[in-house]
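Some notes on the structure that comes next.
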Amino acid sequence: MEEQFFTEYRTRVSHFLQAHPAVLARYQSTVVTVPAQSELLQQGEKPKGVYVLASGLVKVTRATANGPLFTLGVFGPGEMEGDVEAILDIPYICTVHALTHCTFHYLSRDKFLQMLAQEPDFNLLVHTSMASKLVNTSLQTSIQSTNRLYYTLLIVLRELAQISDLHITKSLLTEFLGTSQRNLNRLLGQLEEERLVQVKGATILHIHPSQLEKRISTYDFQIQ
């Protein structure tokens, strides 16, 4: 059985904002840059506003009441942080870290809600993005954690491949994924067999973007 993750809707949000600078100005949007390995949002804090990722890679985690920390995903451009909290007027439900240097479009809560009310195209994009997150979460919970890690690795490699000056190493990937070297080696071995990457020693020498994108869009959810 093959299913498909929905990722293009989030990208469309970013494209919409970049294509409508007058709209951004109308709602007093600002550009926020965050250095790599920095925290953007903290779980439990009062929301400051909404951040739409324009470039870079973020990691979203959530701590449970018992203490364990869970990684909910690694996301690229178009990802919105703080949108649910702005709509529901609740504290941030997750912590967001910038894995790479990131650039965001920032909107205050009031301006974000005003933009939803007055810009129907933006409103539709935001809601389809939320719907895609819900679908993806439902699909991901139906597969084993190893398969979820495999998909996350695909997404991380796709985003890192776009950063030309970044030296991609196994240690960097284990840090991003929050997994062990052993698990990573097994996953990279699978990707090499599928001819999606080329690995030598501790370094990822080459990533095949077109094959990687195709694998992401036709990800196999069958539990093995």
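Put a plus charge on the Cβ of each Lys and Arg, a minus charge on the Cβ of each Asp and Glu, and nothing anywhere else: the dipole of the stretch 22-138 about its Cα centre is then about 120 debye.
Using Cα-Cα distances under 8 Å and only pairs 6 or more residues apart, what relative contact order does the stretch 145-217 have, in percent? Relative CO of the stretch 145-217 lands at 32 percent.
In this structure, the pairs whose alpha-carbon distance is over 21 Å, taken from Lys170/Lys200; Lys59/Lys111; Lys111/Lys133; Lys170/Lys214, are Lys59/Lys111; Lys111/Lys133; Lys170/Lys214. Within the shell of other residues whose beta carbon sits under 12 angstrom from the beta carbon of Leu188, the net charge comes to +1, with Lys and Arg scored +1 and Asp and Glu -1. Near Pro91: Cβ cut-off under 9 Å, other residues only, Lys/Arg at +1 and Asp/Glu at -1. The net charge is -1. Largest first and in whole Å, the equivalent-ellipsoid semi-axes of the stretch 145-217 read 16, 15, 12, each the square root of five times a Cα gyration tensor eigenvalue. Cβ-Cβ distance of Glu213 and Ala25, R₀ of 22 Å, FRET efficiency by 1/(1 + (r/R0)^6): the value works out to about 0.10.
No value in this document is a laboratory result; all are computed from the given coordinates. Note that this is a predicted model, so its numbers are computed, not measured. Reconstructed Cβ throughout: ideal geometry from the backbone, glycine too, with neighbour counts over all protein chains shown.
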